Amino acid sequence: MRIILIGPPGAGKGTQCQRLVELLRVPHLSTGEMLRAAVRAGTPEGLEASWSMEQGQLVPDSLIVGMVIRRLEAGDCRAGFLLDGFPRTLPQAEILDDLLERRAMSVDGVIELAVPRDELVRRMLARKRADDDPAIFSRRIASFEEQTAPLLEYYGRQGKLACIDGLGTADDIFSRVKSATQRFERGFTGR
Ligand code: ADP
């Protein structure tokens, strides 16, 4: 299965992804994690990304697309993958579609984890991460609303979007995520 999980910062994507990769037995491709690892390792890509990340802005499409393509070409992604944090802009989504199409593949389904803004802020205040400063966090939410939310329409038009209520316990949410993947399996068989 090739699945994308989309949600605003603080929606709980990480928790759901961990459970979903165990269920589907596919690699978890988190671009946030890839970038943080590159920053820690001090690679040229990490250096280029760090300023944008600290500011709560997206890193340039060209930078992240290069990293994702390299990762998707690894053998463990052949049977499927769970993309977390990518695509985040319309150009990224189009590049991904092109890339998969050239390999006679496509995305099986996209899960949107929907959480209201006041709940996101409440959760952010309860955890601690360098880019969780309240002003920066608002910028990350704004970048989600401006640059990433249009993707929901893009995948909706392709009939691939499942919108899931991201409120409740991690178990409640996971059972919704699981039924969405089962719908993808039924709706997009043979790929
Ligand atoms: P979030 O909690 O906002 O979902 P992530 O861990 O996914 O955070 O990403 C952290 C940061 O890494 C983002 O704020 C952004 O600067 C950068 N980033 C991650 N994925 C992408 C992407 N696909 N395109 C551009 N920037 C990205």
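The values are calculated or read from the model by the stated rules, or taken from the named source; none is laboratory data. What you see is a predicted model, and the numbers here were worked out from it, not measured in a lab. Positions of Cβ are backbone-derived with ideal geometry, glycine not excepted, and every protein chain shown enters the neighbour counts. To get the accessible areas, we keep the full protein, side chains included, count just its heavy atoms, and leave off ligands, DNA and RNA. Shrake-Rupley method; radii C 1.70, N 1.55, O 1.52, S 1.80 Å.
Using the heavy atoms of the protein chains alone and a 1.4 angstrom probe, what is the accessible area of the chain per residue in square angstrom?
Details: 9610 Å² over 191 residues.
Per-residue value: 50 Å².
With a sphere of radius 12 Å drawn around the Cβ of residue 20, what net charge do the other residues whose Cβ falls strictly inside it have (Lys, Arg +1; Asp, Glu -1)?
Value of the local net charge: +3.
Could you pull the accessible area for residue 43 with a 1.4 Å probe, rounded to 10 Å²?
Surface open to solvent at residue 43 totals about 50 Å².
Can you give the calculated 222 nm mean residue ellipticity of the chain, where each DSSP H run of n ≥ 4 adds -39,500 (n - 2.57) and the sum is split over every residue, rounded to the nearest 500 deg cm²/dmol?
-17500 deg cm²/dmol
Could you work out how far apart the two model spin labels at residue 106 and residue 130 are, taking each label as a point 7 Å from the Cα in the direction of the beta carbon, and quote it in nm?
4.0
Top to bottom by accessible area (1.4 Å), largest first, where do 54, 101 land?
101, 54
Explain nothing, just compute: Karplus ³J(HN,Hα) = 6.51 cos²θ - 1.76 cosθ + 1.60, θ = phi - 60°, for every residue of region 106-111 in order, whole Hz, x for Gly and Pro.
Rounded to whole hertz, the list is 7, 6, 7, x, 10, 9.
With all protein chains present, calculate the accessible area of residue 136 using a 1.4 Å probe and round the result to the nearest 10 Å².
30
Probe 1.4 Å, all protein chains in place: accessible area of residue 140 in Å², nearest 10?
For residue 140, the solvent-accessible surface is approximately 30 Å².
Per residue of region 75-89, what does 6.51 cos²θ - 1.76 cosθ + 1.60 with θ = phi - 60° give for ³J(HN,Hα)? Whole Hz please, x for Gly and Pro, Karplus curve as stated.
Result, rounded to whole Hz: x, 5, 8, 4, 7, x, 6, 10, 8, 10, x, 8, x, 10, 9.
With a cap of 10 neighbouring Cβ atoms within 10 Å, and only residues DSSP puts in a loop, list the trypsin sites (Lys or Arg not before Pro) found in region 1-73.
Sites meeting the loop and neighbour criteria: 25.
Mean separation of Cα pairs under 8 Å and 6+ residues apart, divided by the residue count of region 2-185: what relative contact order is that in percent?
Working: 239 pairs, mean separation 62.7, N = 184.
Across region 2-185, relative contact order equals 34 percent.
Taking all protein chains as present, what is the carbon and sulfur share of the accessible area of the chain, in % to the nearest whole number, probe 1.4 Å?
C and S fraction of accessible area: 52 percent.
For region 51-67, just list the computed ³J(HN,Hα) in residue order, Karplus coefficients 6.51, -1.76 and 1.60, θ = phi - 60°, integers in Hz, with x standing in for Gly and Pro.
4, 4, 5, 5, 7, x, 9, 6, 7, x, 3, 4, 5, 6, 4, x, 5
Straight-line reach from residue 128: which lysines have a Cα under 29 Å away, not including same-chain ones fewer than 8 places off?
13, 178
Let me test this: with uniform point scatterers at the alpha carbons of region 41-191, what is the Debye-based log₁₀ I(q)/I(0) at q = 0.18 1/Å?
Per q value, in the given order, log10 I(q)/I(0) is -1.33.
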